[in-house]
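What follows is calculated from the coordinates using simple rules that are stated; it is not laboratory data. Bear in mind the structure is a predicted one, so any value in this text is a computation, not a measurement. Counting neighbours? That spans all protein chains shown, and the Cβs are built from the backbone with ideal geometry, glycine included.
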Amino acid sequence: MKPFSYVVPKSLDEAKAAAAQPNTLIKGAGLDIVDRMKERLQTPATIVNLLPLKDELKGITVEADGGIRIGALTTLTEIENHEALQGAQFEGLVGAARTTGTPQVRNRGTIAGNILQFTRCWYVRSEAFHCLHGGRGPTCLAMTGQNRYHAVMGWSDCVRVHPSNLAPPLLTLDAEYTTVIGKETRRRKFAELFPEEPRAENPEHTLDDGEIVTAIHIPQQSKNARCTYAESREKQSFDWATTACAIRIVMAGGKITEASMVLGAVAPVPMPRPQAAAMLIGKEPSTKLFRRVAEKAFQGAAPLAHNAFKLPIGKAVVRDALEQATR
Amino acid sequence: MSHPPDHGVSRRSFLKGSAVAGIATTGITAATKAAAGPPVPESFGPGEHEITLSVNGAKKRVKVETRTTLLDALRDRMDMTGAKKICDRGACGGCTVLVDGMPTNSCLTLAMDAVGTELRTIEGLSNGDNAHPLVKNFVTCDALQCGFCTPGMVMSSLACLEKRGKPTPEQMRQDLSGNLCRCGTYGRVMEAIDKTANGGGK
């Protein structure tokens, strides 16, 4: 790692002021940032450490309107175990947290860090390769190179995939996020966190420089709502998903009345599949229906040279999430 | 490397407003004192400075740079070479230490981030020939071959025992899922945990 200054803010105001300085990175646990600094992909002059701001930024609370607020510094282990998230409505979020990384990573890693993490593309993450991402080179090296773990849909000039497995369930739950920058506090829909057109020059998220995520909000869920998450991996632990799917459905009288679906690990951003989800509305759950929905979810997917396996596996993962949600 | 002057007490006021309050004896030597007027956060580095880490119940002062990882501070600066540097990217678990009781990759944790926490390392589990029952059971169960993953494996096993009392095999698998053993001694490690949970090795 290159040397840097390490700032310890006493308050969010101090953190905001420090974050506004040039060549500054903001960190929570810093697992991804330390990794990137070791690779010299990031060489900030200053690191602002948010960890001391636990009172403001950590913890899970049920708010007056029945919604749930998850502080940005809340660890994945805390999400896994918190009583407010034990219902079927949050099964997919808790399940995604539980399958992330390793116990060591989950004990430190925060929800904000998870949704803001950098792609795992091995070309992007290696100092040795000059790929298009971030303007380091002329072309996307994965597009014609080793692309087993890369995108099958939704890409334009860079075939990286979004690595967060908490983002798909949070999107299906219609979550929002709050950020602070300067004197401003912004609260937006979760979908706005990700670029509409994920080009190589765009970062993984739409935050401005110096903008700090302070909390994630999940609106109150109806009693018969259920959110589930399924993913495929090559190892049972210590691995990123090769494909992932989060589903939220509401059932009434044996029929599905509300549905949303978001795929993970198949595109540079988490991919909502509203057309596939719409096919579920008004229907009774059945294997036959789920097969058609899974086909629809991957309609238009165009695999690269080495990742065609993601299509059949991804469809099975969609069916798995649907089976769990309607069991 | 510049060594900032020791102001000592300025750390106390910082601790008051933060969640690490109550461990106020732990201190970072501030590089700059907060001036009056607009808030100026404390800043350290980029050079060396002294911090205090609480390791296995003892307070230890150690000189680090801001970029020094907890693993490097333990191994290179404090002569505690139990935790192993294997992948150095949080992908193997060889560097596992307990931070406030939770298994943590010390290679991905900055030493600065560990100020104000209670650290426990493999060194804390033995006192001369008198070892923790878990360590004795690792030996009697033959739970290691080359032994390089063992310090990390023991710390994850210890956290598993402390969290669950008598863990089931499934719980052990889950709690050890962040530690790789190239020799494949997982079965024996689980035996050692089980034996410890049932009072063996005392």
Global size of chain A as Cα Rg and Dmax, reported in angstrom: 19.5, 62
To the nearest 500 deg cm²/dmol, what mean residue ellipticity at 222 nm is calculated for the protein assembly as shown from DSSP H runs of n ≥ 4 alone, each contributing -39,500 (n - 2.57), summed and divided by the residues? -7000 deg cm²/dmol
Most fluctuating of A:G109, A:G145, A:G210 in the GNM of chain A (C-alpha, under 10 Å) is A:G145
For A:A112, the net charge from surrounding residues (Cβ-Cβ under 12 Å; K, R +1; D, E -1) works out to 0
Counting Lys and Arg as +1 and Asp and Glu as -1, each charge on the Cβ, what is the dipole of segment B:128-197 about the Cα centre in debye, to the nearest 20? 80 debye
Going Cα to Cα from A:K16, which lysines come in below 27 Å? Please leave out same-chain ones fewer than 8 positions away. A:K2, A:K27, A:K38, A:K54, A:K58, A:K183, A:K189, B:K16, B:K33
Once phi for every residue in segment B:134-147 is put through the Karplus expression 6.51 cos²θ - 1.76 cosθ + 1.60 (θ = phi - 60°), the whole-Hz ³J(HN,Hα) values, with Gly and Pro written as x, are 4, 5, 4, 5, 4, 6, 5, 8, 6, 7, 8, 10, 6, x
Using the Karplus curve 6.51 cos²θ - 1.76 cosθ + 1.60 with θ = phi - 60°, work out ³J(HN,Hα) for each residue of segment A:298-309 in order, rounded to whole Hz, and write x for Gly and Pro. 9, 4, x, 5, 10, x, 8, 4, 10, 10, 5, 4
Would you mind giving the three semi-axes, in whole Å and largest first, of the ellipsoid equivalent to segment A:233-327 according to its Cα gyration tensor? 24, 14, 11
Interchain or sequence-distant (5+) residues whose placed amide H lies within less than 5 Å of the amide H of A:Q42 are A:M37
Could I get the Rg over Rh figure for segment A:128-200? Both from C-alpha atoms, Rh via Kirkwood, rounded to two places. 1.07
5 Å is the cut-off here: which amide hydrogens, built 1.01 Å from N in the peptide plane, fall below it relative to A:S5, excluding neighbours closer than 5 in sequence? A:T46, A:I47
Please list the non-local residues whose amide H lies under 5 Å from the amide H of A:M251, H modeled 1.01 Å from N, same-chain partners needing a gap of 5 or more. A:T257
Return the FRET efficiency for the residue pair A:Q146, B:K60: r is the Cβ-Cβ distance, R0 is 45 Å, and the value is rounded to the nearest 0.05. 0.50
Sequence neighbours fewer than 8 away in the same chain don't count; with that in mind, list the lysines whose C-alpha is under 25 Å from A:K310. A:K235, A:K288, A:K296
For a protection proxy built on the mean count of beta-carbon atoms within 10 angstrom, sort A:295-307, A:235-247 highest first, please. A:235-247, A:295-307
Within a Cβ distance under 12 Å of A:T242, other residues only, what is the Lys/Arg minus Asp/Glu net charge? +2
Let's see if you can work this out: charge +1 on each Lys and Arg Cβ, -1 on each Asp and Glu Cβ, no other charges. What is the dipole magnitude of segment A:19-163 about its Cα centre, in debye to the nearest 20? 620 debye
Pairs of alpha-carbon atoms within less than 8 angstrom and 6+ residues apart define the contacts here; what relative contact order does segment A:225-326 have, in percent? 29 percent
Cα-centre dipole for segment A:225-326 with unit charges at Cβ (Lys and Arg positive, Asp and Glu negative), debye to 20: 260 debye
